[in-house]
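The values are calculated or read from the model by the stated rules, or taken from the named source; none is laboratory data. Predicted, not measured: the structure shown is a model, and the values here were computed from it. Counting neighbours? That spans all protein chains shown, and the Cβs are built from the backbone with ideal geometry, glycine included. Surface areas here come from the heavy atoms of the whole protein model, side chains and all, with no ligands, DNA or RNA. Shrake-Rupley method; radii C 1.70, N 1.55, O 1.52, S 1.80 Å.
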Number of protein chains: 2
Amino acid sequence: MKILFAGAGALGSRFAFMLHQAGFDVTLIDNWETHIENIKKDGLKVIIDDKDLGNYKMPIYCSKEVKNIKEDFDVIFVSTKSMQLRPMLEDIKPLLKKDTKVICVLNGLGHVDTLKEYIDPNNILIGVTVWTSGLGGPGILKAHGVGKAEIKQVEEKDLTKTNSIIEQFNKAGLNLIYSNNVYTSIWHKAALNCVLNSYCTLIDCNINQYGSYKDHQVLTDGILDELVKVAEAEGVSVSKEIISQNIINCFDPKTAGLHYPSLYQDMKNGRLTEIDYLNGAIAKLGKKHNIATPVNAIIAHMIHSKENKNNNK
Amino acid sequence: MKILFAGAGALGSRFAFMLHQAGFDVTLIDNWETHIENIKKDGLKVIIDDKDLGNYKMPIYCSKEVKNIKEDFDVIFVSTKSMQLRPMLEDIKPLLKKDTKVICVLNGLGHVDTLKEYIDPNNILIGVTVWTSGLGGPGILKAHGVGKAEIKQVEEKDLTKTNSIIEQFNKAGLNLIYSNNVYTSIWHKAALNCVLNSYCTLIDCNINQYGSYKDHQVLTDGILDELVKVAEAEGVSVSKEIISQNIINCFDPKTAGLHYPSLYQDMKNGRLTEIDYLNGAIAKLGKKHNIATPVNAIIAHMIHSKENKNNNK
């Protein structure tokens, strides 16, 4: 089975490594030049749970070189940052064949609509994962722990190939399940990020400090009350109670409490954030359904204003 | 005429100095020990427009020593931070006589209600000022430029004494006028602060940087749309257009653009902020009138959460 990773960042390279290890034919695409050069020269250096597992050679291309790729892929993982999904899909258009299944487990909301513009919904496998990963510099995968993922085929005309992919990928330890609850899971995860990512960035605090404010639930509710209405209008069943509890579970310094969310880190490190796929997406969907979302809209704009002030790119 | 300044901070000590210079009998009350000690020892050191005007001796007391003050005052200026208004009124209760006029030109909303709990509305002169001032350390007044102020007697049974105060204070150069528009002016100033103080603090930017974000008007509107409805319910006529223009006028680096608003500075310097008299007051009044104010409520809570995280006091 030939697998392409369109995006070889933290999560992409972790899955790529796992599948490569399990004997699959894995190819990478990325846009970070030094990352590409290092992997071309020395292979992907893999450090899992602080153990150096060595270097692994996999073909890697810049996304502008897609015309040089002559193979057909059975599966393409889109594993970019949210805002790079559309440009990446533009770049890999020639590789999207009639039978190519595309897996997307990106964080945030709105990706299915983008994917549908390029891909037959019978070929889109949308999902969500709790696998985590990081890069320890260009060409270096640095990850901890294990995870799992759930996916669902957006239109379910024929699930034969999808079931086979799941079966084979689980041989590589991806802990993948087919789930009819995927949309709820995506929204629950996005909701948690809408709250913790945005507030920690604006308040300038870690997750435990967010939870230490006596009225944190008022802040949480401000976002979730709007989000739940929008989710319902989108036909997705979500539970404010479950989301709130998931958030509270992160406060403990022994779990995620001392962590600064990814959006906080993007902001600090001069990068554009994924806010348009979190609170910004809620505001956009609110407009679509004529549901007032002033809190999410203002929060998204504050984050953009902060990106603008920091000259993030 | 005997005048008491209940609060001898930046603005209080500036007005006290002007009235003292003009020959009025001025007494100070404050709560900052070193400030009090320095003024007791050397007098108030006055630096206006970068010119050292010398030191000026005025009696000064700690607010807990009010029982030692045997005089009656014709006028009391309450010139504390917003959150110290109530405790200060508690402390000076014995000095609030049947004829004592109390002038309050504090920033923010909600002060009239607090004053009314202690003072006959015929004795309350509520107002707003564009005089600015600062302290250059304990015992040191450091101010620039000139200003003006407008006041109005909350209940207007008899304006004789108020008119006489205005006339006499203008001999000291306070540029005081009686205005029936005072509530509009108070709300217009508070509205500007609701926008610039809060957003600059949360976005972590100066006023020019706030204005440099392309959608700053969306952020501004998020606060003002709620504020205007609440003002109307309170019977105060405000203009969103005037407020918006006032805000835009501050963006220019040649005016206030390079300035970090006072709330930003309080937050940075470990002090509690006046947010409950700005966006927090809008949220509180919104509840009273059953008007939804989610944006102002969430912004007030974010500021409080940031105070909590910074352990501000």
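Quick one: count up the residues across region B:12-29 that are open to solvent by 20 Å² or more (accessible area, probe 1.4 Å) and part of a strand (DSSP E or B).
Residues that pass the stated criteria total 1.
Just give me the residues in region A:214-223 being open to solvent by less than 10 Å² (accessible area, probe 1.4 Å) and either more than 9 Å from every other protein chain (Cβ to nearest Cβ) or within 11 Å of B:Ser305 (Cα to Cα) (or both), in sequence order.
Here is the first cut: in region A:214-223, the residues open to solvent by less than 10 Å² (accessible area, probe 1.4 Å) are A:219-220, A:223.
Those that are open to solvent by less than 10 Å² (accessible area, probe 1.4 Å) and either more than 9 Å from every other protein chain (Cβ to nearest Cβ) or within 11 Å of B:Ser305 (Cα to Cα) (or both): A:Leu219, A:Thr220.
From A:Ile76, A:Ile47, grab the single residue that is of a type outside the set (Ser, Thr, Tyr), in contact (Cβ under 8 Å) with a residue 24 or more places away in the chain, open to solvent by 20 Å² or more (accessible area, probe 1.4 Å) and in contact with a Leu (Cβ under 7 Å, 6 or more places away or on another chain). Working first, answer last.
On the way: A:Ile76 fails: open to solvent by 20 Å² or more (accessible area, probe 1.4 Å).
Exactly one of A:Ile76, A:Ile47 is of a type outside the set (Ser, Thr, Tyr), in contact (Cβ under 8 Å) with a residue 24 or more places away in the chain, open to solvent by 20 Å² or more (accessible area, probe 1.4 Å) and in contact with a Leu (Cβ under 7 Å, 6 or more places away or on another chain), namely A:Ile47.
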> If B:Arg271 satisfies every condition in (1) open to solvent by less than 10 Å² (accessible area, probe 1.4 Å); (2) away from chain A (no Cβ under 14 Å) but one, which is the exception?
Replying inline: (1)
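Yes or no, residue by residue, for (1) of a type in the set (A, V, I, L, M); (2) farther than 27 Å from B:Ile186 by Cα; (3) more than 21 Å from the chain's Cα centre (by Cα); (4) not assigned by the TED database to the domain that holds B:Ser262:
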site	(1), (2), (3), (4)
B:Ala8	yes, no, no, yes
B:Glu33	no, yes, yes, yes
B:Ile36	yes, yes, no, yes
B:Gly54	no, yes, yes, yes
B:Ile69	yes, yes, yes, yes
>> Yes or no: region B:285-298 includes at least one residue that is within 21 Å of the chain's Cα centre (by Cα) and more than 14 Å from chain A (Cβ to nearest Cβ).
In response: yes
> Is it true that some residue in region A:175-194 is on the phi > 0 side of the Ramachandran plot, in contact with a strand residue (DSSP E or B) (Cβ under 9 Å, 6 or more places away or on another chain), more than 14 Å from chain B (Cβ to nearest Cβ) and surrounded by fewer than 23 Cβ atoms within 10 Å (Cβ to Cβ)?
Replying inline: yes
> If you scan region B:119-171, which residues turn out to be touching an Asp or Glu at 6+ places or on another chain (Cβ under 8 Å) and part of a loop (DSSP other than H, G, I, E, B)?
Replying inline: B:Asp120, B:Pro138, B:Gly139, B:His144, B:Gly145, B:Glu155
> In the list A:Tyr264, A:Tyr277, A:Tyr260, which residue meets the criterion of being more than 13 Å from chain B (Cβ to nearest Cβ), open to solvent by 10 Å² or more (accessible area, probe 1.4 Å) and aromatic (Phe, Trp, Tyr)?
Replying inline: A:Tyr277
> Can B:Asp266 be described as of a type in the set (Asp, Glu) and within 21 Å of A:Leu202 (Cβ to Cβ)?
Replying inline: yes
> Looking only at region B:195-212, which residues are open to solvent by less than 10 Å² (accessible area, probe 1.4 Å) and at the interface with chain A (Cβ under 8 Å from one of its Cβ atoms)?
Replying inline: B:Tyr199, B:Leu202, B:Ile203, B:Cys205, B:Tyr210
